[in-house]
Amino acid sequence: MVAVDRPVDDPLRWRLPDARRLRIRQLSDHLWVRVVDVGEALSARTYGTDDALVLELVDDFRPANGGRWLVEGGPDGSTCAPTDRAADLTLGAPELGALYLGGVAVSTMAAAGRVREHTNGAVHRADAFFAVHPSPWCTTHF
């Protein structure tokens with residue numbers, strides 16, 4: 001049996017009589033997001049937990065996006081605005097795009113050196129805050 005272009009959290013593995021026999025031969029990424037308007041984008045989505053985080057964004061390509069952004073939100077809505085508060089996390093534009101989609105844990109990016117934690121526990125809080133289910137999945141190739 002072959003399954004092509006499946007989401008990373010596809011339940012197919014758990015439908016098999018022996019889930020350990022599943023072999024992944026290729027993992028493709030067909031979905032990228034470049035956040036252009038940070039305040040609008042982060043205000044437009046919902047979040048997994050009620051929380052507030054200050055993200056310091058470093059964006060060399062679009063410097064107007066750079067700076068600190070206070071994201072306050074939860075499952076019922078959110079706001080995002082520039083702030084002078086101290087940053088909880090520092091990240092770049094590619095990492096912000098991934099967080100916006102919710103397809104990777106903040107702790108994974110932090111372990112890879114792509115997100116820096118300034119407030120103890122902020123990575124753990126951000127994992128729950130940005131989490132989505134199911135994972136993002138692009139069903140078309142463009």
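Read-outs: derived from the displayed coordinates by stated rules, not from any lab. Predicted model, so just to flag it, every value in this text is computed and none were measured. Cβ atoms come from the backbone with ideal geometry, glycine included; neighbour counts cover every protein chain shown.
Can you give the FRET efficiency for ARG13 and ALA81, using 1/(1 + (r/R0)^6), R0 = 35 Å, r = Cβ-Cβ distance, to the nearest 0.05? Please report the intermediate quantities before stating the final value.
Numbers: r = 41 Å, r/R0 = 1.19.
Computed FRET efficiency for ARG13 and ALA81 comes out at 0.25.
Place +1 on the Cβ of every Lys and Arg and -1 on the Cβ of every Asp and Glu in the chain, take the dipole about the Cα centre, and give the residue among LEU91, PRO17, TRP69 whose Cα lies farthest towards its positive end.
PRO17
Which entry in [x] 0.93; [y] 0.99; [z] 1.02 is this structure's computed Rg/Rh (Cα atoms, Kirkwood Rh)?
Read-out from the structure maps to [z].
How large is the Rg to Rh ratio of the stretch 4-87 when both quantities use alpha carbon positions and Rh follows Kirkwood?
Computed over Cα atoms, the ratio is 1.17.
Compute the separation of the alpha-carbon centres of the stretch 120-142 and the stretch 1-54 and state it in Å as a whole number.
7 Å
Using DSSP to call loops (not H, G, I, E or B), can you name the chymotrypsin sites (Phe, Trp or Tyr not before Pro) in the stretch 59-131 whose Cβ has at most 15 other Cβ atoms within 10 angstrom? Mind dumping the intermediate values first?
Numbers: sites: PHE61, TRP69, TYR100, PHE129, PHE130; in loops: PHE61.
Passing both the DSSP loop test and the Cβ count: PHE61.
Can you give me the long-range amide H partners of VAL115? Hydrogens built in the peptide plane at 1.01 Å from N, cutoff under 5 Å, separation of 5 or more residues or another chain.
ALA110
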